[in-house]
Every structure is written in C-alpha cells, then in structure tokens.
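Visitor: Dumping the structure here so I can ask a few things about it.
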Amino acid sequence: MTQHTVPCHPETVRVAASHQARAGQIASEMAAIAATGMVLPGSITERRTRCGRDNCACHADPPRLHGPYWQWTRKIAARTVGRWLSPDQQEEYQAWIDNDRRLRDLLGQLEELGAAALDADPRRNRRHRPADNRTGQTSP
Ligand SMILES: [Zn+2]
C-alpha cells in the first residue's frame with residue numbers, strides 16, 4: 001500500500017515540498033514504531049534498598065545495598081503509579097519506553113513543521129489582529 005489519501009484539503013492549504021518530504025519521513029518512522037506495538041509510557045528506574053535487619057551488609061559502612069531492583073513508573077491523573085519488574089522485563093521493556101519517547105519526539109517535530117508553516121503563511125494581516133479588542137469578543 002503505497003497509495004494513501006490526504007485527509008485535509010491540499011487545494012486550500014499549500015505545503016512546501018520540503019515540508020511535505022520531512023512530514024513523510026516522520027510519518028514513516030512513526031508508523032514503523034507503532035506497527036511493532038511495543039510502546040510504553042513512563043520510565044524504568046533502578047532502585048537499591050536497605051532491609052530491616054540491623055546486622056545486614058546494607059547497614060554497614062560503606063553500605064552494600066540490596067538490588068538493583070527495577071521499577072516502572074508512570075503518571076496517571078497526576079499520580080505516579082509504580083510496578084516492580086524482573087531484570088529480564090527491565091531489559092525488554094526499556095526498548096518499549098525508548099519507542100514511546102521517539103514517538104513523542106517525532107510528534108514534536110511534526111508540530112514544529114506546522115508552527116513554521118503558519119509563521120510563513122503570507123495571509124497574515126496585521127489589520128486583523130485584535131489589538132483594539134482585548135477580550136477577543138465582537139459582541140456590542
Ligand atoms: Zn539488608
């Protein structure tokens with residue numbers, strides 16, 4: 001499937017060829033990552049801990065802490081939620097998190113292309129700026 005439809009209206013908004021080419025590269029990479037299904041939000045953090053036994057090496061000087069343990073955390077509704085991972089899970093799911101970060105980075109690049117296109121849009125007209133109308137409302 002190399003043919004794909006354009007959901008917007010290219011006849012009304014002309015996008016520079018270089019813009020279109022870069023967007024196509026970004027879309028290809030995003031699609032390739034999405035197709036793996038290996039995308040995970042949040043982050044994986046290494047934790048080392050002390051136990052409750054007073055004579056344990058983790059309380060020595062210098063201490064030898066337990067671990068490493070691996071914890072996956074993410075934000076849900078402004079709350080951080082965590083889950084412990086096994087070492088092999090940590091190795092595997094770190095790649096999923098890296099994919100998520102790359103997707104967000106690529107989306108950011110797409111948004112920057114959009115912002116640059118709007119900046120370059122010659123239809124900007126200073127007379128239409130609402131300088132005399134602080135509320136932005138036009139009702140009398
Ligand atoms: Zn200990």
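Visitor: Around E111, what is the net charge, scoring Lys/Arg as +1 and Asp/Glu as -1 over all other residues with Cβ under 13 Å from its Cβ? Intermediate values should be presented prior to the final figure.
Guide: Values: positive: R22, R104; negative: D105, E112, D119.
Once positives and negatives cancel, what remains is -1.
Visitor: Separate question: Counting Lys and Arg as +1 and Asp and Glu as -1, what is the net charge of the other residues whose Cβ lies under 14 Å from the Cβ of N99?
Guide: -2
Where a number appears in this text, it was derived from the coordinates with a stated rule and is not lab data. Remember, it's a predicted structure, so these values are computed and weren't measured experimentally. For neighbour counting, all protein chains shown are included, and Cβ atoms are generated from backbone atoms with ideal geometry for every residue, glycine included.
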